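Quick notes on the structure that follows.
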Number of protein chains: 2
Amino acid sequence: MSGPTAQTSTRRRRPSQAERRARSRGALLESAARGLSRCGYGNLRLEEVARDAGYTRGALYHQFKDKEDLALAVIDWVDENWRREVGDPAKLEPDPVGELMALARGHAVFCRRDVARVVMALRMEFSGRDHAVGRRLQRASEGGVKRIARLVEAGRRDGSIPPGPPATAVARAFLGALEGAVIELAGRPPHDEVLAARAVAGVLRVDVEGSGAR
Amino acid sequence: MSGPTAQTSTRRRRPSQAERRARSRGALLESAARGLSRCGYGNLRLEEVARDAGYTRGALYHQFKDKEDLALAVIDWVDENWRREVGDPAKLEPDPVGELMALARGHAVFCRRDVARVVMALRMEFSGRDHAVGRRLQRASEGGVKRIARLVEAGRRDGSIPPGPPATAVARAFLGALEGAVIELAGRPPHDEVLAARAVAGVLRVDVEGSGAR
DNA sequence: GTAGATACATACATGTACGTATGTATGCTA
DNA sequence: TAGCATACATACGTACATGTATGTATCTAC
């Protein structure tokens, strides 16, 4: 539908209620992401989330159905940011190994913001249990595994990646080692990026170091 | 005094109260470790822990002061098992790289039991917060970091490990990549061991090909 | 301007898990 | 056997976080 009544006047735009809503939602999402990455889901106190965003729990329950809905929204939000900042740019690389390494380095940079730990924290918390949050996480993660597995297979076909364990297992190790290394080194640039690249290069058994390769 | 109390003969002695206590404590610790690795600390329900061990919460509160005390005991328990099964055997390796790779492979095997995820789960949960559990975790983890950093420095001195980022950063990446890869591949032998070795070899930038043997 | 909707704050009800107090049976000691 | 201590179960009180209901001010439409 074409915007019917929305007057985007160039003269003066005082904050409309739609803008206020979007702004509040964004602030709450960011606060919730920070809280989730710090405390996890179970230990997260919604009152603290709201207070950190400058609101009360009333605003939170006005925007989100319940705690679970909030967590799912945070997951989608982080996932979308990741795709825009890491996933899509890596597609510009011409060869599989280049794309894989771009994913690793981009993820390391992306995780310098505390927000990124959300995924790992929630996955640890919901890996075993049958929960909506866990399912959403697994769905998002599974996409990454498949993408990486395809890249590994492509790299093996063209000879840039040597043979080894099944591509799916390699992909899982790729993501696990990447996230683990990055979390342990978060906030310590530039070593986080270098060592994340080293870890995934080791998983793939390829030799790509920044300085002159042979 | 000629009773059977002090007699530790080969015959089957009936369980003393000290033995009962030790057995109960062990069962509760194992159940708590499983619960912690599955649910984390906040979501852990003590009633479930006790029930899984065949007791009620009464037994738990008889052996442990409170929930925090139980978690600390689990950490010490896991740490001690890790040292016995992984840390000490690796010391038999003659050279630094051999010891580092033995640590990686041993850790992968150790983590095939769900128990091992406790450390990672609790670290994610308490990394940011100032809590007794987090401090105990960090203390245990810091020992591993120092040991690995010393090995990295030794390997660089004798030329078996090329130069790179500071040894402490390398050690953190070593542990992070190792744990991340192992968690993602837990229960999928033999790829967990191979890929964990690959990941840490990449972090160290050493070439240790272990393929071929099964 | 009035009426309704929206964006939030405040107050209340409920459930859940923790910690403690108490009860009971069995093992140790004299 | 008496008497106490230990190992555990059961019952109770309490705190805390969630979810809901209600209240209030601002924005929008007629």
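Could you work out the local net charge near B:GLU47, counting Lys and Arg as +1, Asp and Glu as -1, over the other residues with Cβ closer than 12 Å to its Cβ?
Once all neighbours under 12 Å are counted, the net charge is +2.
How would you order A:142-153, B:77-88 from highest to lowest mean count of nearby Cβ atoms within 10 Å?
A:142-153, B:77-88
How many Cβ atoms of partner chains, on average, are near each residue of A:163-174 if near means within 10 Å of its Cβ?
Whole-number average of other-chain Cβ neighbours for A:163-174 is 5.
At A:ARG139, with labels set 7 Å past Cα in the Cβ direction, how many nm apart are the copies from this one, shortest first?
Relative to the other copies, A:ARG139 has label-point distances of 4.4 nm.
Just the number, please: Stokes-Einstein D of segment B:67-204 in µm²/s, Kirkwood Rh from C-alpha pairs, 20 °C, 1.002 mPa s.
140
Hey, can you rank A:164-175, A:118-129, B:42-53 by average C-beta count inside 10 Å, highest first?
Sorting A:164-175, A:118-129, B:42-53 by mean packing, highest first, produces A:164-175, A:118-129, B:42-53.
Sorted from largest down, what three extents in whole angstroms do the Cα atoms of the protein assembly as shown have along their principal axes?
On the principal axes, the protein assembly as shown reaches 103, 60, 34 Å in Cα extent.
Under a Cβ-only charge scheme (Lys and Arg +1, Asp and Glu -1), can you give me the dipole magnitude of segment B:67-204 about the Cα centre, in debye to the nearest 20?
200
When the Cα centres of segment A:39-97 and segment B:111-141 are compared, how far apart do they sit, in Å?
For segment A:39-97 versus segment B:111-141, the Cα centre distance is 24 Å.
In chain B, if the dipole is taken from +1 on Lys/Arg beta carbons and -1 on Asp/Glu beta carbons about the Cα centre, which of B:PHE64, B:ALA140, B:SER16 is farthest to the positive end?
B:SER16
About its Cα centre, how strong a charge dipole does the protein assembly as shown have in debye, to the nearest 20, once Lys and Arg get +1 and Asp and Glu get -1 at the Cβ?
The calculated dipole for the protein assembly as shown is roughly 1140 debye.
So if the hydrodynamic radius of segment A:43-124 is defined as the Kirkwood radius over C-alpha pairs, what does Stokes-Einstein give as its diffusion coefficient at 10 °C and 1.306 mPa s, in µm² per second?
Result for D is 109 µm²/s.
Once the label point is set 7 Å along the Cα-to-beta-carbon vector, what list of distances in nm do you get between A:GLY42 and its counterparts in the other copies?
Copy-to-copy label distances for A:GLY42: 1.0 nm.
Determine the relative contact order of segment A:33-156: mean sequence separation of Cα pairs under 8 Å and six or more apart, normalised by residue count, in whole percent.
33
Restricting the calculation to Cα positions, tell me the Rg (one decimal) and the Dmax (whole number) of segment B:134-214 in Å.
13.7, 42
Would you calculate, for chain A, the mean residue ellipticity at 222 nm contributed by helices, counting each DSSP H stretch of 4 or more residues as -39,500 (n - 2.57) and dividing by all residues, to the nearest 500?
-21000 deg cm²/dmol
Other chains' Cβ within 10 Å of A:189-200 residues: what's the mean?
What the average comes to for A:189-200 is 6.
Let me check the size of segment B:97-143 from its C-alpha atoms; what are the radius of gyration and Dmax in Å?
Spelled out, the Cα radius of gyration and Dmax of segment B:97-143 are 12.6, 36 Å.
Calculate the mean, over all residues of peptide B:38-45, of how many other protein chain Cβ atoms lie within 10 angstrom of the residue's Cβ.
Mean shielding by partner chains, rounded to a whole number: 5.
What gaps in nm, shortest first, separate B:GLY98 from its twins in the other copies when you place the label 7 Å past Cα toward the beta carbon?
Computed spacing set for this position: 4.2 nm.
Output the relative contact order of chain A, whole-number percent, from Cα pairs under 8 angstrom with separation of 6+ residues.
19
Coordinate-derived values only; no laboratory data. Here the structure is a predicted model, which is why all the values come from computation and not from measurement. Every residue, glycine as well, gets a Cβ built from its backbone with ideal geometry; the counts of neighbours run over all protein chains shown.
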